[in-house]
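The values are calculated or read from the model by the stated rules, or taken from the named source; none is laboratory data. Because the structure is a prediction, the values reported are computed rather than measured. Glycine also receives a Cβ, built like all others from the backbone with ideal geometry; neighbour counts cover every protein chain displayed.
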């Protein structure tokens with residue numbers, strides 16, 4: 001439905017003038033930055049308590065009780081539910097008639113499915129990706145907000161955000177590999193079902209490839225140009 005709607009809207013906008021949407025974009029970016037930051041702060045105590053006192057294996061396989069409980073559980077719910085209103089990002093792109101990249105709509109279309117499914121199954125192993133993503137979104141949407149305010153940060157900031165996103169997918173890759181070995185090789189009990197595991201692998205590997213490809217294509221050309229100027 002999401003994919004069909006955005007391309008139908010893109011076709012609808014083809015012969016129409018682009019919307020400006022300056023104020024809504026500023027408000028939206030600020031809202032997501034603050035929401036992500038608050039959720040990251042809430043998740044921090046449980047994340048490190050689990051890692052330090054229970055260990056890494058417990059953080060991916062046997063800590064469902066603490067991850068989905070109390071304020072931590074509410075933060076997890078908010079971050080999972082927020083995947084739906086994040087479609088507003090795509091709406092802004094289409095209404096402003098900006099280029100709609102595959103990496104953008106594929107990422108939004110897949111993330112909501114996997115986030116909602118793993119949340120419904122109580123998969124505590126998603127804590128690593130969710131915690132990292134909340135931190136990244138705090139900085140990323142803050143960057144977008146400053147750009148919308150015409151207060152452009154140094155160019156290395158955007159590049160650094162992309163690098164951190166790639167590191168996030170590498171970290172999730174490690175957590176998935178750890179879960180896979182514990183669950184399917186060593187036969188240890190692990191709070192993850194087969195579908196969640198398969199979907200998480202598909203998501204992480206495809207995102208890792210797409211973001212590395214995006215980084216190389218976007219910044220390799222800039223580096224080459226800079227060398228020529230030097």
Residue count for the stretch 132-154, restricted to those that are in a helix (DSSP H, G or I) and in contact (Cβ under 8 Å) with a residue 12 or more places away in the chain: 15
Criterion: under 29 Å from residue 217 (Cβ atoms) and more than 22 Å from the chain's Cα centre (by Cα) - qualifying residue of 100, 21: 21
Qualifying residue in the stretch 126-142 (condition: within 16 Å of residue 200 (Cα to Cα), within 12 Å of the chain's Cα centre (by Cα) and surrounded by fewer than 18 Cβ atoms within 10 Å (Cβ to Cβ)): no
Flag for residue 84 being touching a residue at least 24 places away in the same chain (Cβ under 8 Å), surrounded by fewer than 20 Cβ atoms within 10 Å (Cβ to Cβ) and either within 25 Å of residue 107 (Cβ to Cβ) or touching a strand residue (DSSP E or B) at 6+ places or on another chain (Cβ under 9 Å) (or both): yes
Residue that is nearest to the chain's Cα centre (by Cα) [pool: residues in the stretch 183-212 that are surrounded by 15 or more Cβ atoms within 10 Å (Cβ to Cβ), without any contact (Cβ under 8 Å) to a residue 60 or more places away in the chain and under 17 Å from residue 61 (Cβ atoms)]: 201
Which numbered condition residue 95 misses (of (1) surrounded by 15 or more Cβ atoms within 10 Å (Cβ to Cβ); (2) without any contact (Cβ under 8 Å) to a residue 40 or more places away in the chain): (2)
Residue check, residue 119 surrounded by 14 or more Cβ atoms within 10 Å (Cβ to Cβ) and more than 24 Å from residue 56 (Cα to Cα): no
Members of the stretch 55-80 that are surrounded by 14 or more Cβ atoms within 10 Å (Cβ to Cβ), in a helix (DSSP H, G or I) and without any contact (Cβ under 8 Å) to a residue 60 or more places away in the chain: 58, 66, 72, 73, 75, 76, 78, 79, 80
Selected residue (criterion: modelled with the lowest pLDDT) from residues of the stretch 113-124 that are touching a helix residue (DSSP H, G or I) at 6+ places or on another chain (Cβ under 8 Å) and assigned to a helix (DSSP H, G or I): 124
